[in-house]
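Taking it in order: structure first as structure tokens, then the write-up.
The values are calculated or read from the model by the stated rules, or taken from the named source; none is laboratory data. Note that the structure is a prediction, hence the values are computed from the model and not measured. Glycine gets a Cβ as well: all are built from the backbone with ideal geometry, and neighbour counts include every protein chain shown. In case anyone asks, the SASA skips ligands and DNA or RNA and just uses the protein heavy atoms, side chains included. Shrake-Rupley method; radii C 1.70, N 1.55, O 1.52, S 1.80 Å.
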Amino acid sequence: LVYATRPDLYPSQVTSGDGLAQYLADEGVRFGNYCKGMFPQGVEVGLSGTAPTVENLVAETAGLLKRDTKRITVFEGAIRHEKFFLRPDILDRVTNEDSTELRLIEVKAKSWNSNKSYESLMWTRGKPKASFLRYVQDVAFQAMVAKLSYPEYKVSSWLMMPDRAKVMRPEMLCDTNFDEQVNSEGDENLVLADNQGIATLVNVDDAVAQVTGDFIDGRGLSEVASSWADAIQGQLQGDVSIDANIGARCSSCEYRDGKAFKMCWEEATKDDSHADLILDLHAISEKKWWYAK
């Protein structure tokens with residue numbers, strides 16, 4: 001996160017033009033636009049002509065959510081609570097007779113298969129599977145901040161993913177210009193055509209509840225998020241140095257070929273010789289044991 005705040009100093013493989021990484025990022029954007037097209041009544045924040053400052057984006061989002069309509073869908077909204085700030089992919093506020101629900105929807109290019117049960121895909125031994133954990137943690141943090149900012153709403157957590165069990169309709173191909181389908185004053189009664197495209201909505205409230213209580217190493221989400229926010233703020237101000245916690249996950253780091261990666265490993269190993277790394281060794285068993293050593 002510290003590196004992400006300074007792309008000028010620490011370019012990632014995506015921002016530096018790595019072919020595969022850029023392709024995957026572009027495809028993620030295309031799928032995001034596809035999902036927007038499934039909410040024709042949606043309004044995108046930041047297109048009003050005002051300066052896109054944090055304050056303006058947060059105020060615009062709050063104004064949209066408080067519209068006197070049964071339903072309002074917001075794309076790329078902005079929510080802030082004290083030291084936390086986020087830009088959810090989709091906020092879908094629906095007012096019923098007895099309550100108002102704010103559906104926080106994160107679009108992910110991770111595939112889903114609705115022919116299989118939710119439990120078999122998402123859960124293992126009472127915890128979210130590793131393949132979905134980071135996505136659940138992402139939406140859990142956003143749900144926490146949304147609840148703090150809008151306590152009057154019932155906040156629910158959703159992942160929107162491509163469904164391998166669905167068939168693409170020709171008129172909903174991702175090559176379509178979905179910007180033309182987004183109507184700033186759209187019909188509030190329009191609903192997601194969940195069975196008419198390849199995207200599917202999956203409610204993950206139970207998974208979010210689990211990781212909120214045990215986010216990392218038994219620590220709760222609120223504690224972890226607060227410590228991260230304080231550390232990042234201290235790093236940006238030059239007051240704090242964040243310890244590098246290296247491991248097997250470093251092999252897929254988006255900063256793998258830049259100086260940010262070298263800084264992490266040099267700090268953790270106290271070795272600036274730039275020697276070959278265990279990450280570069282293939283077909284070696286027990287890598288995690290070697291990392292611990």
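Every residue, every condition in (1) closer than 14 Å to TYR3 by Cα; (2) at pLDDT 75 or above; (3) touching a strand residue (DSSP E or B) at 6+ places or on another chain (Cβ under 8 Å); (4) not acidic (Asp, Glu), yes or no:
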residue	(1), (2), (3), (4)
ASN245	no, no, no, yes
ARG249	no, no, no, yes
TYR255	yes, yes, no, yes
ALA260	yes, yes, no, yes
THR269	no, yes, no, yes
ASP272	no, no, no, no
ASP280	no, no, no, no
SER285	no, no, no, yes
TRP290	no, no, no, yes
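With respect to the conditions (1) in contact (Cβ under 8 Å) with a residue 40 or more places away in the chain; (2) closer than 28 Å to ARG164 by Cβ, LEU20 falls short on a single one, namely (1). For beta carbons closer than 7 Å, sequence separation of 6+ or different chains, a first residue in the range 203-222 that is under 20 Å from MET161 (Cα atoms) and among the acidic types (Asp, Glu) and a second that is open to solvent by less than 20 Å² (accessible area, probe 1.4 Å) and not in a loop (DSSP other than H, G, I, E, B), the qualifying pairs are ASP205/SER156; ASP205/SER157. The number of residues in the range 54-80 being of a type outside the set (Asp, Glu) and out of contact with any helix residue (DSSP H, G or I) (no Cβ under 7 Å at 6 or more places or on another chain) comes to 16. For the range 123-140, a residue qualifies if it is assigned to a helix (DSSP H, G or I) and crowded, with 21+ Cβ neighbours inside 10 Å, and the qualifying residues are PHE132, VAL136, VAL139, ALA140.
Residues in the range 141-160 that are in a strand (DSSP E or B) and open to solvent by less than 10 Å² (accessible area, probe 1.4 Å): SER156, SER157, LEU159, MET160.
Within 28 Å of SER226 (Cα to Cα), at pLDDT 95 or above, of a type outside the set (D, E, K, R) and open to solvent by 30 Å² or more (accessible area, probe 1.4 Å): is that true of GLY63 in this structure?
On the way: within 28 Å of SER226 (Cα to Cα): yes; at pLDDT 95 or above: yes; of a type outside the set (D, E, K, R): yes; open to solvent by 30 Å² or more (accessible area, probe 1.4 Å): yes.
So GLY63 passes the test.
A count restricted to the range 87-110 and to residues that are closer than 22 Å to GLN210 by Cβ and without any contact (Cβ under 8 Å) to a residue 60 or more places away in the chain stands at 8. Of the residues in the range 208-219, at least one is modelled with pLDDT of 80 or more and polar (S, T, N, Q). Among the residues making up the range 244-262, those that are touching a residue at least 40 places away in the same chain (Cβ under 8 Å), assigned to a helix (DSSP H, G or I) and over 11 Å from LEU279 (Cα atoms) are LYS259, ALA260. Checked against the criterion of being under 15 Å from the mean Cα position of the chain (by Cα), of a type outside the set (Gly, Ala, Ser) and modelled with pLDDT under 90, the range 1-16 has at least one qualifying residue. When the range 75-125 is limited to residues that are in contact with a Phe, Trp or Tyr (Cβ under 8 Å, 6 or more places away or on another chain) and of a type in the set (Lys, Arg), the one that is farthest from GLY32 (Cα to Cα) turns out to be ARG93.
Tell me which residues, restricted to the range 70-81, are open to solvent by 40 Å² or more (accessible area, probe 1.4 Å) and without any contact (Cβ under 8 Å) to a residue 60 or more places away in the chain.
GLU76 - this is the single residue of the range 70-81 that is open to solvent by 40 Å² or more (accessible area, probe 1.4 Å) and without any contact (Cβ under 8 Å) to a residue 60 or more places away in the chain.
Only residues that are among the hydrophobic types (A, V, I, L, M, F, W, C) and either at pLDDT 95 or above or in contact with a Ser or Thr (Cβ under 8 Å, 6 or more places away or on another chain) (or both) were counted in the range 73-85, giving 4.
Residue-wise test of (1) in contact with a helix residue (DSSP H, G or I) (Cβ under 6 Å, 6 or more places away or on another chain); (2) charged (D, E, K, R); (3) modelled with pLDDT under 90.
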| residue | (1), (2), (3) |
| --- | --- |
| LYS147 | no, yes, no |
| GLU188 | no, yes, yes |
| ALA193 | no, no, yes |
| ASP206 | no, yes, no |
